[in-house]
Amino acid sequence: MGLENLKIEFTEREITDWGGISLLKKMVDKMAFESHLDSLPLPLQYSNRGYDPIQTIEQYILLIWCRAQRFEHLDVTRFDPVIQQLFG
């Protein structure tokens, strides 16, 4: 499902805790956040087991958005299938 086809409307049904993630993704895309990060002199990833610095920064912002309490909650966002689908 592409975000360009996302329809936002009011509902009486309950939504999940992750309901606002798609709005965050739209906001981040509209700001061209990833391309801005790409233009910064971020440290290079030398290890084949390491994570891309841009991906790590996006994950931390997602943690803050989701009100995570600890850095170990990063695993929740890293392995969640819905978040993986939205953010790649």
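Points worth noting:
- Criterion (charged (D, E, K, R), at pLDDT 80 or above and surrounded by fewer than 15 Cβ atoms within 10 Å (Cβ to Cβ)) met by exactly one of K30, K25, K7: K30
- Failed criterion for G88 (all others in (1) at pLDDT below 75; (2) surrounded by 15 or more Cβ atoms within 10 Å (Cβ to Cβ) hold): (2)
- Options R67, R13, R78, R49: the member that is at pLDDT below 80 and on the phi > 0 side of the Ramachandran plot: R67
- When restricted to residues that are assigned to a helix (DSSP H, G or I), without any contact (Cβ under 8 Å) to a residue 24 or more places away in the chain, under 19 Å from G20 (Cα atoms) and not polar (S, T, N, Q), the range 42-88 contains 11.
The values are calculated or read from the model by the stated rules, or taken from the named source; none is laboratory data. These numbers were taken from a predicted model, which means no experiment stands behind them. Methodologically, a virtual Cβ is constructed for each residue, glycine included, from the backbone with ideal geometry; neighbour enumeration extends over all protein chains shown.
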